[in-house]
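K.L.:
The structure is given below, and queries will be raised subsequently.
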Amino acid sequence: ELGISILFFIVGMYFTIKKPTNRNIFLLLFAVTSLYFATSMVRLLVIFAPAFAIIAGIGIIGLVKPFIGLMQGTSHGMVKAKRKLAHVSKEYSGISIFIVFMLLVSSFAFSPQTGGMPRAIQNAFTPTAITASSLPVGGAALTEPVKAWTDALTYLREHVSSSTAVVMWWDYGNWLADIGNVTSLADNTTVNSTQIENFGFTFMCTDNQSLAMLSTYGQDRVKYIAVFTVLAVGTTSSQTGSTTTTYVVYPYGYGDEGKWVWMADISGQAKDRFVRQGFISAAQAWSNKSSFGEYNENGQWVFNEIGLNCTVNKLMNFAEVTYAERMSIVTGTSIVPDQALVAPKYFKEFYFAGGTVSPTQYGGLIPIVAIYEIDWATYNADNP
């Protein structure tokens, strides 16, 4: 479906460029600038949608117009183009128009690929990334937003000063600044590769090394660090003759447990710089994710000791263990994490959003935005 839409858009761009009238030049500028802002600024595809629809419409009209002219026996377009199509009979012209019509109908109206529900209606039940907390959920059964992210940002907006920096991976920077009203040091518009490398290093190194890096931004400014993790409910078990069910939760991949590989690889590109600046020794430095573990025979990633003790894993692990312990008490059901606690030393729980989601509420997915307060006093005492 998306491929067909893109095809019509490309054809529409061709016809628009081919005939550079004032109107078409305006449409081209509209399409290019809206595409830039939709993909590079804040990923708001709604900005690009009007231009996409208009250009794709021009492409559809440009494709069927010659065939309509042949069927009607009238001249449409240049004589040269008509001569090329003169050998096509009216029947084949009708078939061509019918094929285009069916492509449009099957993609946007009946959509047999989605059980017959029109895409326009289906998309109405598909929430935006933030209101779904980046989960692949939707449909008429979802009657309210998945509140992990909106709760976290609301809490930040109400309890943290706008001048205070909250450190997260750059993917979440716009949400923090625009909705959470806090300072973000990296977001979707950051073009400073050094900044992104520094943040990747912050999350992939040890507690001490993380805070040594963050100290360069000012301890009075950087007070919080946060991670986003999505847990999944694994296999359940129950003892014979017992009604007690045990749920096993583990990181699933929609949060930072899937993005840490980029943190490792991007920061690994600046390995020599970090060593030269004294943030890490040459023996401890890494070049890519392979330093943090490996895939087992089942294709699952297994952290080694370095991976288990990196900052991002500690922050996600603490959130996972905390969720399992608290929800076991709330629900009276045994919920266990997939790995033992590896507690962070200088990061204290500030606010965990999503930590009260039932293991089965969103199809077995549990989104958690874990916000930590940085314990600069303890760090400074340990590193005089």
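The values are calculated or read from the model by the stated rules, or taken from the named source; none is laboratory data. On a predicted model such as this, the values are computed, not experimentally measured, just so you know. Cβ coordinates were reconstructed from backbone atoms using ideal geometry, including for glycine residues, and neighbour counts include every protein chain displayed. Only protein heavy atoms, including side chains, enter the accessible area calculation; ligands, DNA and RNA are left aside. Shrake-Rupley method; radii C 1.70, N 1.55, O 1.52, S 1.80 Å.
K.L.:
Answer yes if at least one residue in the stretch 37-49 is modelled with pLDDT of 85 or more and either closer than 30 Å to residue 191 by Cβ or not small (Gly, Ala, Ser) (or both), and no otherwise.
P.N.:
Step one: filter the stretch 37-49 for residues modelled with pLDDT of 85 or more, giving none.
Checking the stretch 37-49: not a single residue is modelled with pLDDT of 85 or more and either closer than 30 Å to residue 191 by Cβ or not small (Gly, Ala, Ser) (or both).
K.L.:
Another question, if that's okay. Among the numbered criteria (1) touching a strand residue (DSSP E or B) at 6+ places or on another chain (Cβ under 6 Å); (2) surrounded by 19 or more Cβ atoms within 10 Å (Cβ to Cβ); (3) touching a residue at least 60 places away in the same chain (Cβ under 8 Å), which one does residue 185 miss?
P.N.:
(3)
K.L.:
What is the number of the single condition among (1) surrounded by 12 or more Cβ atoms within 10 Å (Cβ to Cβ); (2) of a type in the set (Ser, Thr, Tyr); (3) at pLDDT below 75 that residue 33 does not meet?
P.N.:
(3)
K.L.:
While we're looking at this one, here's another question. I'd like the residue in the stretch 225-249 that is at pLDDT 60 or above and either outside any strand (DSSP E or B) or polar (S, T, N, Q) (or both) and, out of all such residues, is nearest to the chain's Cα centre (by Cα). Explain how you work it out, then say what you get.
P.N.:
Pass one, the stretch 225-249, residues at pLDDT 60 or above: 225-236, 244-249.
Of the ones still in play, those that are also either outside any strand (DSSP E or B) or polar (S, T, N, Q) (or both) are 229, 235-236, 244-246.
On the way: 229: 12, 235: 26, 236: 29, 244: 36, 245: 33, 246: 31 Å.
Among residues in the stretch 225-249 that are at pLDDT 60 or above and either outside any strand (DSSP E or B) or polar (S, T, N, Q) (or both), the one nearest to the chain's Cα centre (by Cα) is 229.
K.L.:
Filter the stretch 143-180 down to the residues that are surrounded by 21 or more Cβ atoms within 10 Å (Cβ to Cβ), assigned to a loop (DSSP other than H, G, I, E, B) and modelled with pLDDT of 95 or more, then identify the one that is nearest to the chain's Cα centre (by Cα).
P.N.:
Per the criteria, the residue is 169.
K.L.:
May I pose another question? Working only within the stretch 14-27, note down all residues that are open to solvent by less than 40 Å² (accessible area, probe 1.4 Å) and of a type in the set (A, V, I, L, M). Walk me through how you get there before you give the answer.
P.N.:
Residues of the stretch 14-27 that are open to solvent by less than 40 Å² (accessible area, probe 1.4 Å), as a first pass: 16, 24, 27.
Result: 27, single match.
K.L.:
In the set 286, 301, which member is without any contact (Cβ under 8 Å) to a residue 60 or more places away in the chain, within 30 Å of residue 198 (Cα to Cα), touching a Phe, Trp or Tyr at 6+ places or on another chain (Cβ under 8 Å) and aromatic (Phe, Trp, Tyr)? Working first, answer last.
P.N.:
Details: 286 fails: without any contact (Cβ under 8 Å) to a residue 60 or more places away in the chain.
On inspection, the qualifying residue turns out to be 301.
K.L.:
Still on this structure, please answer the following. Using beta carbons and a limit of 6 Å, which pairs, at least six apart or on different chains, have the first residue in the stretch 216-227 and more than 18 Å from residue 156 (Cα to Cα) and the second one open to solvent by 10 Å² or more (accessible area, probe 1.4 Å) and among the hydrophobic types (A, V, I, L, M, F, W, C)?
P.N.:
The qualifying pairs are 219/376.
K.L.:
On the basis of being under 25 Å from residue 169 (Cα atoms) and crowded, with 21+ Cβ neighbours inside 10 Å, does residue 337 make the cut? Steps first, please.
P.N.:
Details: under 25 Å from residue 169 (Cα atoms): yes; crowded, with 21+ Cβ neighbours inside 10 Å: no.
No.
K.L.:
Report yes if residue 185 is at negative phi and outside any loop (DSSP other than H, G, I, E, B), otherwise no.
P.N.:
Details: at negative phi: yes; outside any loop (DSSP other than H, G, I, E, B): no.
The answer is no for residue 185.
K.L.:
Right, next: Test of understanding: among 256, 272, which residue is among the acidic types (Asp, Glu) and open to solvent by less than 50 Å² (accessible area, probe 1.4 Å)?
P.N.:
On the way: 272 fails: open to solvent by less than 50 Å² (accessible area, probe 1.4 Å).
Testing whether each residue is among the acidic types (Asp, Glu) and open to solvent by less than 50 Å² (accessible area, probe 1.4 Å) leaves just 256.
K.L.:
Given the residues 352, 292, 347, which is the only one that is hydrophobic (A, V, I, L, M, F, W, C), over 18 Å from residue 228 (Cβ atoms) and open to solvent by less than 50 Å² (accessible area, probe 1.4 Å)? So that I can check it myself, show each step before the final result.
P.N.:
Working: 352 fails: over 18 Å from residue 228 (Cβ atoms); 347 fails: over 18 Å from residue 228 (Cβ atoms).
Step by step, each of 352, 292, 347 is checked, and only 292 is hydrophobic (A, V, I, L, M, F, W, C), over 18 Å from residue 228 (Cβ atoms) and open to solvent by less than 50 Å² (accessible area, probe 1.4 Å).
K.L.:
Ok, one more. Just name the residue that is surrounded by the most Cβ atoms within 10 Å (Cβ to Cβ) out of those in the stretch 360-384 that are of a type in the set (Ser, Thr, Tyr) and under 23 Å from residue 218 (Cβ atoms).
P.N.:
Residues of the stretch 360-384 of a type in the set (Ser, Thr, Tyr): 360, 362, 372, 378-379.
After this cut, where a residue has to be under 23 Å from residue 218 (Cβ atoms) as well, the list is 372, 378-379.
Details: 372: 25, 378: 13, 379: 20.
Looking at residues that are of a type in the set (Ser, Thr, Tyr) and under 23 Å from residue 218 (Cβ atoms), I get 372.
K.L.:
For the stretch 346-365, name all the residues that are assigned to a strand (DSSP E or B), closer than 24 Å to residue 160 by Cβ and not aromatic (Phe, Trp, Tyr).
P.N.:
Looking only at the stretch 346-365, we keep the residues that are assigned to a strand (DSSP E or B), and these are 347-353, 365.
From what is left, the residues that are closer than 24 Å to residue 160 by Cβ are 347-353.
Answer for the stretch 346-365, where residues must be assigned to a strand (DSSP E or B), closer than 24 Å to residue 160 by Cβ and not aromatic (Phe, Trp, Tyr): 348, 349, 353.
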